[in-house]
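Before any comments, here is the structure.
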Amino acid sequence: MIALFHSLLGSLRDLAPIVVVIGFFQIAVLQQPIPDFANLIVGLACVTLGLTFFIYGLELGLFPIGESMAQAFARKGSVFWLLTFAFALGFGTTVAEPALIAVAAEAARIAAQGGMIETTEQAQADYATGLRLTVAVSVGLAIVLGVLRILKGWSIQYMIIGGYVLVVLMTTLAPREIIGIAYDSGGVTTSTITVPLVTALGVGLASSIKGRNPMVDGFGLIAFASLTPMIFVMGYGMVIS
Amino acid sequence: MNQLLSDFFSVFLATIQDVLPIVVIIFGFQLLVIRRQIPRFSKVLIGFVYVLIGLTLFLLGLEKALFPIGRLMAEQLTNPEFIREWSGSLDQSTALHWSDYYWVFLFAFAIGASTTIAEPSLIAVAIKANEVSGGAIGVWGLRLAVALGVAVGIALGTWRIVTGYPIHWFIIAGYIVVVIQTTFAPKLIVPLAYDSGGVTTSTVTVPLVAALGLGLAETVPGRSALIDGFGLIAFASLFPMISVMGYAQITEYLAAREKQKRVLAENEGVNNAL
């Protein structure tokens with residue numbers, strides 16, 4: 001109970017900057033009253049409580065399960081099942097992501113306007129589904145690649161920098177309309193629940209494999225998960241057109 | 001009150017839908033492949049319930065309180081009439097100079113920094129990094145470094161929309177800086193720095209920043225919402241890599257200088273004693 005109260009204070013402190021920024025700009029710069037004050041207070045209370053519960057549950061549930069699974073897989077020694085799990089985790093958390101569904105629908109609309117696909121509803125739905133699956137597969141592969149890196153001890157620099165060189169090269173080749181969507185899809189794939197789970201998985205793996213340093217080898221999975229969607233979505237745009 | 005409750009349940013259902021695939025995958029693998037009891041199973045379950053309720057309340061509160069006012073402010077701040085009023089050039093015929101948009105850049109910086117501080121996934125990564133590094137990487141040090149990166153990134157991104165320079169110049173230049181820093185930064189920080197790029201663009205930051213970008217792209221003459229409105233997110237995920245590596249480089253430099261000073265002082269002491 002005391003721990004919960006402490007983390008409540010922490011959440012208040014975390015949210016204070018937003019309140020100050022919005023308050024300052026609304027009152028001093030825009031010189032307008034705060035609309036719907038009661039709703040604002042209720043909303044802020046919800047946000048504060050929500051952040052508190054989330055952080056509390058994170059250390060109670062998400063971190064331990066991520067780490068215990070990593071250790072169990074390391075003990076089991078089956079690379080096949082570990083990689084299957086990595087792919088399922090990446091694919092499964094992304095394919096149902098609401099932010100991704102919204103971006104895919106928007107992308108289909110833009111593609112239809114730009115004449116890349118037919119304007120029928122069927123064609124747009126197909127395009128959006130294709131895009132969603134592309135992103136989900138790319139995130140699945142990203143986690144697989146990241147886990148393989150931890151197992152083999154490959155250094156991350158060359159992989160990530162190589163990936164970004166590829167992104168830059170593809171930017172010059174891909175249709176212009178898809179580029180913004182591609183860059184954005186890198187951001188929408190890393191949701192609030194995926195990040196702690198994937199981080200715990202990486203750190204757990206790196207600490208249970210001999211010769212790996214959790215700091216050097218454990219992090220980096222998120223970086224892969226936000227890089228590959230850009231490459232795959234631009235590739236998708238190039239194939240479709 | 002009833003309205004609030006029904007809102008709560010609809011957000012709660014959406015959150016469950018979001019979490020369900022993860023739960024199915026975790027417990028499926030746990031039951032079928034690992035076939036081992038989860039250690040302290042009931043605690044983990046309670047943790048999941050806390051995460052679910054917490055995320056629901058968090059999203060509900062954002063949707064109720066912060067997003068509407070934030071979006072409205074982004075619209076008002078990018079409104080040309082507002083900008084003319086503050087720039088003092090009420091004459092409609094003169095074109096606005098980019099420096100007239102200073103409130104927009106300032107808002108972009110402040111909202112980028114403050115939303116990043118409240119980003120739950122960044123808090124999670126910072127807690128883990130602190131734990132793994134044995135306290136060498138402070139939770140607040142990392143969060144402030146990332147927040148500064150996002151703030152600079154978004155401010156620069158809005159400046160780019162106003163001035164209309166092509167986005168890839170900035171992105172490519174940014175990556176070149178990242179590559180150079182990677183070769184010089186302490187090895188331990190590099191993977192974490194790469195991760196912090198992806199972590200920032202999550203629940204709180206994206207909706208507000210997207211509203212700002214679209215608002216600007218719609219009101220600045222000659223910009224297209226499709227091509228210029230996007231891309232702020234790319235800035236927000238590029239600059240934290242730079243600032244986190246920079247943070248580690250500065251910390252390392254300060255520690256090295258401190259050590260050098262101590263060695264010098266000790267040597268002096270030895271010399272004096274001789």
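The values are calculated or read from the model by the stated rules, or taken from the named source; none is laboratory data. Since the structure is predicted, the reported quantities are computational estimates derived from the model, not experimental observations. Counting neighbours? That spans all protein chains shown, and the Cβs are built from the backbone with ideal geometry, glycine included. When the accessible area is computed, the model is the full protein with side chains, heavy atoms only, and any ligands, DNA or RNA have been set aside. Shrake-Rupley method; radii C 1.70, N 1.55, O 1.52, S 1.80 Å.
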Kindly indicate the residue of the range B:183-197 that is in contact (Cβ under 8 Å) with a residue 60 or more places away in the chain and over 17 Å from the mean Cα position of the chain (by Cα) and also farthest from A:Gly146 (Cα to Cα) among those meeting that condition.
B:Phe184
Collect the residues in the range A:204-225 that are more than 17 Å from B:Gly134 (Cα to Cα) and either without any contact (Cβ under 8 Å) to a residue 60 or more places away in the chain or surrounded by fewer than 24 Cβ atoms within 10 Å (Cβ to Cβ) (or both), keeping them in residue-number order.
A:Ile209, A:Lys210, A:Gly211, A:Ile222
Can you find even one residue in the range A:103-117 that is assigned to a helix (DSSP H, G or I), more than 14 Å from every other protein chain (Cβ to nearest Cβ) and of a type in the set (Val, Ile, Thr)?
no
Does the range B:18-51 hold any residues that are facing chain A (nearest Cβ under 7 Å), more than 30 Å from A:Ile22 (Cβ to Cβ) and in contact (Cβ under 8 Å) with a residue 12 or more places away in the chain, and which are they?
B:Phe48
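Answer yes or no as to whether A:Gly130 is more than 22 Å from B:Thr15 (Cα to Cα) and either assigned to a helix (DSSP H, G or I) or within 22 Å of the chain's Cα centre (by Cα) (or both). Explain how you work it out, then say what you get.
Numbers: more than 22 Å from B:Thr15 (Cα to Cα): yes; either assigned to a helix (DSSP H, G or I) or within 22 Å of the chain's Cα centre (by Cα) (or both): yes.
Answer is yes for this residue.
Within the range B:152-169, can one find any residue that is among the β-branched types (Val, Ile, Thr) and more than 26 Å from A:Gly23 (Cα to Cα)? Let's see the steps before the verdict.
Step one: list which residues in the range B:152-169 are among the β-branched types (Val, Ile, Thr), which gives B:152, B:154, B:158, B:161-163, B:167.
Filter once more, so that each one left must be more than 26 Å from A:Gly23 (Cα to Cα): B:163, B:167.
Yes: the range B:152-169 contains one or more residues that are among the β-branched types (Val, Ile, Thr) and more than 26 Å from A:Gly23 (Cα to Cα).
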With the checklist (1) among the aromatic types (Phe, Trp, Tyr); (2) touching a Lys or Arg at 6+ places or on another chain (Cβ under 9 Å); (3) modelled with pLDDT under 90 in hand, flag the one item A:Tyr127 doesn't pass.
(2)
Across the range A:30-51, which residue is nearest to B:Phe107 (Cα to Cα) among those that are open to solvent by less than 50 Å² (accessible area, probe 1.4 Å) and at the interface with chain B (Cβ under 7 Å from one of its Cβ atoms)?
A:Leu30
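Please state which one of B:Gly141, B:Gly54 is more than 9 Å from chain A (Cβ to nearest Cβ), in contact with a Phe, Trp or Tyr (Cβ under 7 Å, 6 or more places away or on another chain) and either buried (at least 20 other Cβ atoms within 10 Å of the Cβ) or at pLDDT 90 or above (or both).
Working: B:Gly54 fails: more than 9 Å from chain A (Cβ to nearest Cβ).
B:Gly141 is the lone residue from the list that is more than 9 Å from chain A (Cβ to nearest Cβ), in contact with a Phe, Trp or Tyr (Cβ under 7 Å, 6 or more places away or on another chain) and either buried (at least 20 other Cβ atoms within 10 Å of the Cβ) or at pLDDT 90 or above (or both).
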Identify, by number, the condition in (1) basic (Lys, Arg); (2) more than 7 Å from chain A (Cβ to nearest Cβ); (3) touching a residue at least 24 places away in the same chain (Cβ under 8 Å) that B:Lys64 doesn't meet.
(2)
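I want to confirm something. Restricting to the range B:102-112 and keeping residues that are farther than 13 Å from A:Leu30 by Cβ and more than 7 Å from chain A (Cβ to nearest Cβ), which single residue is modelled with the highest pLDDT? Show your work before the answer.
First pass over the range B:102-112, keeping only residues farther than 13 Å from A:Leu30 by Cβ: B:102, B:105, B:108-112.
Next, only the ones that are more than 7 Å from chain A (Cβ to nearest Cβ) stay: B:102, B:105, B:108-109, B:112.
Numbers: B:Tyr102: 84, B:Phe105: 91, B:Ala108: 91, B:Phe109: 94, B:Gly112: 91.
So the residue we want is B:Phe109.
Okay, residues lined up against (1) among the basic types (Lys, Arg); (2) modelled with pLDDT of 85 or more; (3) within 26 Å of A:Thr189 (Cβ to Cβ):
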residue: B:Ile25; (1), (2), (3): no, yes, yes
residue: B:Gln30; (1), (2), (3): no, yes, yes
residue: B:Arg36; (1), (2), (3): yes, no, no
residue: B:Lys43; (1), (2), (3): yes, yes, no
If we ask which residues in the range A:179-206 are among the small types (Gly, Ala, Ser) and facing chain B (nearest Cβ under 8 Å), their number turns out to be 5
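Within the group A:Ile65, A:Ile55, which residue is closer than 21 Å to B:Arg36 by Cα, assigned to a helix (DSSP H, G or I) and within 7 Å of another protein chain (Cβ to nearest Cβ)?
Working: A:Ile55 fails: closer than 21 Å to B:Arg36 by Cα.
Unique residue meeting the criteria: A:Ile65.
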Would you mind finding the one in A:Leu62, A:Leu83 that is under 30 Å from A:Leu15 (Cα atoms) and either at pLDDT 90 or above or touching a Phe, Trp or Tyr at 6+ places or on another chain (Cβ under 8 Å) (or both)?
A:Leu62
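B:Ala255: in a helix (DSSP H, G or I), in contact with a Lys or Arg (Cβ under 9 Å, 6 or more places away or on another chain) and in the same structural domain as B:Leu144 (by TED's automatic domain parsing), yes or no?
On the way: in a helix (DSSP H, G or I): yes; in contact with a Lys or Arg (Cβ under 9 Å, 6 or more places away or on another chain): no; in the same structural domain as B:Leu144 (by TED's automatic domain parsing): yes.
It is false that B:Ala255 is in a helix (DSSP H, G or I), in contact with a Lys or Arg (Cβ under 9 Å, 6 or more places away or on another chain) and in the same structural domain as B:Leu144 (by TED's automatic domain parsing).
Here are B:Val209, B:Val190, B:Val199: which of them is over 16 Å from B:Ala129 (Cβ atoms) and either of a type in the set (D, E, K, R) or open to solvent by less than 10 Å² (accessible area, probe 1.4 Å) (or both)? Don't jump to the end; show me each part of the working.
Values: B:Val190 fails: over 16 Å from B:Ala129 (Cβ atoms); B:Val199 fails: over 16 Å from B:Ala129 (Cβ atoms).
When all the criteria are applied, what remains is B:Val209.
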The lone condition B:Ala265 fails out of (1) within 12 Å of chain A (Cβ to nearest Cβ); (2) surrounded by fewer than 20 Cβ atoms within 10 Å (Cβ to Cβ) is (1)
State whether the residues of the range A:59-77 include one that is polar (S, T, N, Q) and open to solvent by 10 Å² or more (accessible area, probe 1.4 Å).
yes
Of these, A:Pro229, A:Pro175, which one is in contact (Cβ under 8 Å) with a residue 60 or more places away in the chain and open to solvent by less than 10 Å² (accessible area, probe 1.4 Å)?
A:Pro229
